[in-house]
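A.B. asks: My questions will all concern the structure given below.
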Amino acid sequence: MADIEEIKKEYDSVIEELSDPEVVSDWQKFEELSKKKKSLERLVEKFKEIEDIEKKIKENKAIISSQLDPELVILAEGELPHLEKRESELKKDLENLLKEDSSASSYDAILEIRAGAGGDEASLFAANLYKMYARFAESKGWPHKVLESHPTELGGFKEIIFEINSEEAFSKLKYEGGVHRVQRIPETEKQGRIHTSTASVAVLPKPKKSEFKIKPDELKIDVYRSSGPGGQNVNKRETAVRITHVPTGMVVSSQTERNQAQNKENALAILSARLMEQEEEERTKKLGGKRNEQIGSAKRAEKIRTYNFPQDRITDHRVKKSWHNIEETMAGRLDELLNDVAEELKPNT
């Protein structure tokens, strides 16, 4: 385990460098140091969380040992297993942070969720997955923003694309790409039959502006009126944007915002993430390596997980492991599941 005092010293050193006027004027060095500062901040904060939880565990154990107040003893005994479970989760988080390569872990994430087989129920499941990831982001204090969506009249999504703004987001969610399957009784099912539906998830790193640039002359940009469920126009002005990347033929669009400039920015974010993914896949093919990330086009068709509501069970087929309390998971409590999956799927070093 890393020495927290050494990490704090390194953090203080980076802060001091960032205050140097010469560094501020050197944009590339300033960006590198800012990136390092954020990485070290995450470690320091994680150590602090572990220290706080360990203090609470110690206090509860002291109360239990004293046996002075029966009511407090009962409360402490009830709370202790939850605290110890949280301590274990935090230590796994810290271990993953220490092991991850900073260049691979410090990206915001763009998630694309699309309804698959199952009609309206598949669209509703796509909406459930979006809410699950959005609530997970909220629990971490990570801002998220919808870049593009195609809602249905029943409140589902044929497709939704959104970004999560945290340098931890991609490393935390990168193994979520693939086909997610749900087995449950839909609200519209009158005979109580269990239906099976699917939705696909892709998780892409969002490129930083300094590392991935698209030439303006390679883009064909069209504007049109936004449309809602059923195809009706929801805006009198042409605020929706469609961008075609001419060299690859790749097409993206955005109509979630009320102004054209913001929709253009959203569409460019989606396009740059897809182009960077494509570039990475081509590089990997040339090297003859095997990607471990679950975002490659070949992986998007792979069934990775089943959410079985009648049996209150979630099964990840890649790691052959199941978890219960499905409602809590769908409400965004994903730490245990994500940590377990990452532990099994991470590359051997």
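The values are calculated or read from the model by the stated rules, or taken from the named source; none is laboratory data. No experiment lies behind these values; they were computed from the predicted model shown. Cβ placement follows ideal geometry from the backbone for every residue including glycine, while neighbour counts extend to all protein chains displayed.
A.B. asks: Has region 177-189 got at least one residue that is assigned to a strand (DSSP E or B), of a type in the set (D, E, K, R) and more than 13 Å from the chain's Cα centre (by Cα)?
C.D. replies: Yes; the residues of region 177-189 include at least one that is assigned to a strand (DSSP E or B), of a type in the set (D, E, K, R) and more than 13 Å from the chain's Cα centre (by Cα).
A.B. asks: Step by step: first the residues of region 267-305, then only those that are small (Gly, Ala, Ser) and more than 20 Å from Thr248 (Cβ to Cβ), then the one that is modelled with the highest pLDDT. Which residue is that?
C.D. replies: By that ranking, first place goes to Ala301.
A.B. asks: If you check Glu163 against the conditions, is it under 21 Å from the mean Cα position of the chain (by Cα) and over 16 Å from Gly118 (Cβ atoms)?
C.D. replies: Taking the combined requirement at face value, the residue satisfies it.
A.B. asks: Looking at region 300-349, which of its residues are part of a helix (DSSP H, G or I) and charged (D, E, K, R)?
C.D. replies: Arg300, Glu327, Glu328, Asp335, Glu336, Asp340, Glu343, Glu344
A.B. asks: Out of curiosity, is Glu77 over 16 Å from Val201 (Cα atoms), outside the structural domain of Arg242 (by TED's automatic domain parsing) and over 15 Å from the mean Cα position of the chain (by Cα)?
C.D. replies: yes
A.B. asks: In addition: Show the residue pairs that are 6+ apart or on different chains and have beta-carbon atoms under 9 Å apart, the first residue being within region 39-67 and closer than 17 Å to Gly141 by Cα and touching a residue at least 40 places away in the same chain (Cβ under 8 Å), the second being part of a helix (DSSP H, G or I) and small (Gly, Ala, Ser).
C.D. replies: Filtered contacts from region 39-67: Ser39/Ser102; Ser39/Ser105.
A.B. asks: Any idea which of Lys91, Lys85, Lys48 is among the charged types (D, E, K, R) and surrounded by 14 or more Cβ atoms within 10 Å (Cβ to Cβ)?
C.D. replies: Lys91
A.B. asks: Right, another one. Assess whether Leu147 counts as being buried (at least 22 other Cβ atoms within 10 Å of the Cβ) and in contact (Cβ under 8 Å) with a residue 12 or more places away in the chain.
C.D. replies: Against the criterion (buried (at least 22 other Cβ atoms within 10 Å of the Cβ) and in contact (Cβ under 8 Å) with a residue 12 or more places away in the chain), Leu147 qualifies.
A.B. asks: Among the numbered criteria (1) farther than 22 Å from Phe125 by Cα; (2) at pLDDT 90 or above; (3) of a type in the set (D, E, K, R); (4) outside any strand (DSSP E or B), which single criterion is violated by Arg237?
C.D. replies: With (1) farther than 22 Å from Phe125 by Cα; (2) at pLDDT 90 or above; (3) of a type in the set (D, E, K, R); (4) outside any strand (DSSP E or B) applied to Arg237, the lone miss is (2).
A.B. asks: Here is a further query. Would you please list the contacts, defined by Cβ atoms under 7 Å and residues six or more apart or on different chains, that run from a residue in region 238-259 that is over 15 Å from Gln278 (Cβ atoms) to a residue that is basic (Lys, Arg) and not in a strand (DSSP E or B)?
C.D. replies: Every condition considered, the pairs that remain are Glu238/Arg225; Thr239/Arg258; Ala240/Arg225; Val241/Lys264.
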